[in-house]
1. Give me the pairs: first residue in segment 207-236 and without any contact (Cβ under 8 Å) to a residue 24 or more places away in the chain, second residue part of a helix (DSSP H, G or I) and surrounded by fewer than 23 Cβ atoms within 10 Å (Cβ to Cβ), beta-carbon distance under 9 Å, and six or more apart or on different chains, which are they?
2. Which one of these is open to solvent by less than 70 Å² (accessible area, probe 1.4 Å), hydrophobic (A, V, I, L, M, F, W, C) and modelled with pLDDT under 90: V263, V256, V270, V230?
3. Checking G179 against (1) over 34 Å from the mean Cα position of the chain (by Cα); (2) open to solvent by 30 Å² or more (accessible area, probe 1.4 Å), which test does it fail?
4. Within segment 39-55, how many residues are open to solvent by 80 Å² or more (accessible area, probe 1.4 Å) and closer than 16 Å to G118 by Cα?
5. Which of the numbered conditions does G533 fail, given that it passes all the others? Conditions: (1) free of Cβ contacts under 8 Å to residues at least 12 places away in the same chain; (2) open to solvent by less than 10 Å² (accessible area, probe 1.4 Å); (3) among the small types (G, A, S).
6. Pull up segment 56-95, narrow it to residues that are part of a loop (DSSP other than H, G, I, E, B) and within 11 Å of G122 (Cα to Cα), then point me to the one that is least open to solvent (accessible area, probe 1.4 Å).
7. Filter segment 436-478 down to the residues that are more than 14 Å from A505 (Cα to Cα), open to solvent by 10 Å² or more (accessible area, probe 1.4 Å) and over 27 Å from the mean Cα position of the chain (by Cα) and list them by number.
8. Looking at segment 160-169 only, could you name the residues that are surrounded by fewer than 21 Cβ atoms within 10 Å (Cβ to Cβ) and either in contact (Cβ under 8 Å) with a residue 60 or more places away in the chain or within 27 Å of the chain's Cα centre (by Cα) (or both)?
Amino acid sequence: MLCPSCACENPADSRFCDECGAFLQVEAELETSEPRFGSPLDPGQKVADLYVIERVVETGGGVLLYEGNPLEAGEDRVLVVEFPDTGPSWSRQWDLLTGVQHETLWHPSQRLEHEGRGYLIGPWPGQESLQQHLAGGALSAEQVARLGESLLGALEALHQAGWLHGGLSPEAIWIGSDGTPLLVRCERARRQEEPCEEYSVIQGYSSPEAYGMEGGVPDRRSDLYSLGAVLYSALTAERMNLEARESFFFFPRPQVPGGGPVVEVILRAVERKPERRFESAEQMREALERAREQLAETPAGPSDEVPEPAHGASGVDPGFAVATKSHIGLVRRNNQDAWLECRLGACERDVPLQAHLVVVADGMGGEVEGDKAASLAIRALAHEIVERFLTCQVGLETSLLLPVDPAQRNALILKRALERANRTIYQYASLDPARQGMGCTMTAVLLEGDLAVFAHVGDTRAFLIGSELDQVTTDHSLVGSLVQMGHLTREEARHSPRRSVIYRALGTNSEVEVDLYERRLAPGDYLLVCSDGIWEYYSDEELLGFFQGDPEPADLCERLVATCLERGADDNATLAVVRRLASSEPTRSRPD
């Protein structure tokens, strides 16, 4: 089966890509059919005339948890765990929790059947679940180490007794008044010798094996993975979003001053490949004990920080000041231009990747549909670029679809994005004959470090401006072609009555040819991306003059549009100005 994200070939029955973790089948196919509950018990309802329900504590995972009180006076409150029936899961958890003895395991004292449902009753486990506890913030590295040591003791006892837990998460762990943990929920547990015929996962905490990846057979190391994910959450107060297919099973190194030894243990536990993890709970517990002993001796240093990436385009963002502006002009009844500016940032495998995207589109095809074409285009483009940008993270090899070289990679991402925008407009226009001819021109630039990659269709333009003015793009217009052939000067083309005749645009045909360009930006250089409602009012020399003296991008936007208005502004006027900052300059936010 071919992965739709990275083109890696996978076995026909694979559920997830072995290379990037993308879903190969719909997620619904992975879900185990759990028994359905009726309505939860209401406060005041009784269980077998022995206990009265005070409140629902937790739901999910196939069980309901209640706080209850015995009807017999003088006894302490209890935890009531309700199963939808008295089937194998109910009996299995009773056997496990009463048969395995460890101080970190909750032990029910009674098993009841009432109105077709199964119940386990035991002492109240503590103040709150770890999930609720973490709402107040992350734990310290030492607290995380002690938490892990206690829970590893419970896992060690389970494994020695022949069980796999299979469901570790912050919801399964409770914190007592003295801060000690208690492992309460074990409803996903199974005997180690039992074949794994169903995949039952907890998003963010289940191992790759639980998804059918990496051999597809959960074992003791799978429990260690889940515990590592729990400790990661405790150390960062963050739950990894493992539903995001391009970030499957990659945990960025958390920045914890002085916590390096504990971080190393956690990151080993959550290695994607089982053979790279700890072999046993005992081995991991011993590693955490050593890490905790080292905490007081290990000062915060470079080992606790995200490593700096190598110098170059990929992952390096010296900072850009960006400003945008769009004006309807003095003649048109609506604004068919559109702009898009966003910063893209991500971190996977400890490598940050940052870029800026700047786009200007100019709609065409009538007052009603021109603006719609531009809107459709920038939305389709944004969706494609964000998806592909995350796919191209460092370390995720993606064959010929996404080259490793940043210039080639970003050019391909932009090309596909404009092609997708073209298809979106064309398909929309095909639904109604009145929409025929609608489309837009577009220039998009993806900035990564000092590298700028441009994709272009139509007569919107991009300029690189330093000591000189460099028009990066070539107009796909009649007069643009005449200028290239030497039949018109640039100044003559600027005033030609045929300057609005476009021979290439997005949406007018089922396929489109996209022009790609590449430039390097020095600190202090500017980029100007604009519609023809801006550039047609300026000669090259006059335009260059606006950028002398290091003006702010926002000021440039205001001045350039104001001058267009003074000169008649018979078209919509839209532009984006980007300035690459020197390393010592602060990044300025774009004004409203």
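1. Correct list of pairs: G216/E209; V217/E209.
2. Values: V263 fails: modelled with pLDDT under 90; V270 fails: modelled with pLDDT under 90; V230 fails: modelled with pLDDT under 90.
Answer to the selection: V256.
3. (1) is the only condition that G179 fails.
4. 3
5. Unmet condition: (1).
6. Within segment 56-95, the first condition is being part of a loop (DSSP other than H, G, I, E, B), and the residues that meet it are 61-62, 71-77, 84-87.
The next check asks that each one be within 11 Å of G122 (Cα to Cα); those that pass are 76-77.
On the way: D76: 124, R77: 102 Å².
Ranking the candidates gives R77 first.
7. L464, G466, S467, E468, L469, D470, Q471
8. A161
The values are calculated or read from the model by the stated rules, or taken from the named source; none is laboratory data. This one's a predicted model, so the numbers in the text were calculated from it and none came from an experiment. Cβ coordinates were reconstructed from backbone atoms using ideal geometry, including for glycine residues, and neighbour counts include every protein chain displayed. These area figures cover heavy atoms from the full protein model, side chains too; ligands, DNA and RNA do not enter into them. Shrake-Rupley method; radii C 1.70, N 1.55, O 1.52, S 1.80 Å.
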